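Each remark here refers to the structure printed beneath this line.
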Amino acid sequence: MTQPKKLFIKTYGCQMNVYDSERMAEAMGGQGYVQTDSPDDADMILLNTCHIREKAAEKIYSELGRYKGLKAERPDLRIGVAGCVAQAEGAEIMRRQPMVDLVVGPQSYHRLPELEAKARGGEKALDTDFPEEDKFERLKSRPKAKRGPTAFLTVQEGCDKFCAFCVVPYTRGAEVSRPADRVLSEARDLVERGVRELTLLGQNVNAYHGHERGLAGLIRELAKIDGLARIRFTTSHPNDMDDDLIAAHGDCDKLMPYLHLPVQAGSDKILKRMNRQHTAEQYLRLIERLRAARPDLHLSGDFIVGFPEETEADFRDTMALIEAVEYGSAFSFKYSERPGTPAAERPQVPEAEKDDRLQRLQALLTRQQRALQDAMVGREVGVLFEKTGRLPGQMVGKSDYLHAVHVAAEGLQPGDLRPVRIVESGPNSLKGVLV
Ligand code: SF4
């Protein structure tokens, strides 16, 4: 009996890359590959890459360098690069790292089996097309194996917004929405296999138009699936939060009270230069409408400091917006020039100023996050348990607000959804007791 070949996948970046890696592993499962956690015994190494910041792309080249010795020892080892760096850099990757056998973009990974066969035949395989055919239709149907209680599910890809700092429209292409019936059948399949919480993914997920009522329509359909207890979605753009979706936050019980809604900056001058197509005031009005629909909604945001031509006054506007919103969590970064994006051509803010602003911004966000987390003590929340904790008899799960919650209780299993009273708030998580 032939030994299964081993596939090592290393995933960088966003949740959509996590989902894509799962689908690529399944596609290669059809070629006799099983996954391994170590590159040392792999027959194929695949890096699923992120191109969002400069460091992210350079990291790939240094990672590839680490496999030079392995490849020299085992010339049959196949090395591939997938994801957004593959899309952006294509053949350049093979020029800089000749040991790379295969480069495949995010829209073509349904062709991975044939590309792997080509590379195994000794040819270089490169595919960074934006194919007409729907990759999800071409991908192998998902295996029936049991799985954990939470899953990502891509419903939309690409972006038409062209924010001045972002490479996504160039690496992921134009917005494409998966037909609702296909999403629903994949969701039912995941629930049959043990999933209780789904996070719907898209670079601009709330621009979803695969259902006549948009994302809200899809969410209401998904909410009818027995066994599916919770629904989340990410990442949204403020301009695509329509009335239906705001209402769904108010009246769809399975839609969790946590919303990731990036704004990036609080200064109208900078928002304009970023091409975000809305003002700070419009964003704050939107937050008010969302909180009117769901008063306990936890907001999460994305922030960039040091965007070209940002002054101290612009930065103070960002801080003022954060003060006004009070974020339950947030991601924040220094502006990083991305090749081919409009902002990369503009006068840059000195690195030292970026560092100073990032520190001040993160200090404020950390204070807010801690205050909102501490306010959970004494409250009762639902917790979906996912895995065992550090201590014996302890289980860890996520609350409705996406806080990590540790509970010491015998007999709890992954997939259990139980009411928990919060008794303690720690640096990054909560402690609770079963009610
Ligand atoms: S909306 Fe998001 S993904 Fe689209 S261009 Fe802007 S930052 Fe990039």
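Structure notes:
- Accessible surface of segment 290-435, 1.4 Å probe, proportion on carbon and sulfur as whole %: 53 percent
- Theoretical FRET efficiency, 1/(1+(r/R0)^6), r = Cβ-Cβ of ASP181 and ARG66, R0 56 Å, to 0.05: 0.80
- Solvent-accessible area per residue, Å², over the chain with all protein chains present [probe radius 1.4 Å]: 43 Å²
- Theoretical FRET efficiency, 1/(1+(r/R0)^6), r = Cβ-Cβ of GLN277 and GLU73, R0 51 Å, to 0.05: 0.45
- About the Cα centre, charge dipole magnitude for segment 380-434 (Lys/Arg +1, Asp/Glu -1 at Cβ), debye: 120 debye
- Relative contact order [Cα under 8 Å, 6+ residues apart], segment 117-262, whole percent: 21 percent
- Between the listed residues PRO339, HIS209, ILE270, the Cα displaced farthest toward the positive end of the dipole of segment 135-374, a dipole computed from Cβ unit charges relative to the Cα centre, is found at HIS209.
- Qualifying aspartates and glutamates (Cα of each under 16 Å from Cα of LYS144; at least 8 residues distant if same chain): GLU22, GLU26, GLU186, ASP189, GLU192
- Percent carbon-and-sulfur accessible area, segment 1-145, ignoring ligands, DNA and RNA, probe 1.4 Å: 50 percent
- Cα-based shape type of segment 341-435, given that a ≥ b ≥ c are square roots of the gyration tensor eigenvalues and the cut on a/c is 1.5: prolate
- Along its three principal directions, the equivalent ellipsoid of the chain from the Cα gyration tensor extends over semi-axes of 35, 29, 22 Å, largest first.
- Of all the options PHE233, PHE307, PHE331, the one that moves most in a Gaussian network model of the chain with Cα springs shorter than 10 angstrom is PHE331.
- Rounded to 0.05, the FRET efficiency of the ALA320 and ALA223 pair, given R0 = 45 Å and the Cβ-Cβ distance, is 0.75.
- Within the same chain, aspartates and glutamates fewer than 8 places from LYS387 are excluded, and of the rest, those with a Cα less than 15 Å from its Cα are GLU197, GLU410, ASP416.
- Structure-based [θ]222 nm, the chain - -39500 (n - 2.57) summed over DSSP H runs of at least 4, per residue, nearest 500: -10500 deg cm²/dmol
- Relative contact order (percent, whole number), segment 380-434, Cα cutoff 8 Å, 6+ residue spacing: 36 percent
- Beyond 31 Å in Cα-Cα separation lie the following of the pairs LYS272/LYS354; LYS135/LYS272; LYS334/LYS431: LYS135/LYS272; LYS334/LYS431.
- Given +1 at the Cβ of Lys and Arg, -1 at the Cβ of Asp and Glu and no other charges, the dipole of the chain around its Cα centre is 920 debye to the nearest 20.
- Full extension of the chain between ALA375 and ARG193 yields a length gain of 62.0 nm, computed as 0.36 nm times the residue separation minus the alpha carbon distance.
- Rounded is the label for segment 5-127. Its Cα gyration tensor axes, ordered a ≥ b ≥ c, give a/c under 1.5.
- Considering only alpha-carbon pairs that sit under 8 angstrom and 6 or more positions apart, the relative contact order computed for segment 135-374 is 17 percent.
- For the chain, CYS14, CYS50, CYS84, CYS159, CYS252 have no disulfide-compatible partner, since no other Cys C-beta lies under 4.7 Å from theirs.
The values are calculated or read from the model by the stated rules, or taken from the named source; none is laboratory data. Bear in mind that the values here come from a model prediction, so they are computed numbers and not experimental data. Cβ: placed from backbone, ideal geometry, glycine included. Neighbour counts: every protein chain shown. Side chains included, ligands, DNA and RNA excluded: accessible areas come from the protein's heavy atoms. Shrake-Rupley method; radii C 1.70, N 1.55, O 1.52, S 1.80 Å.
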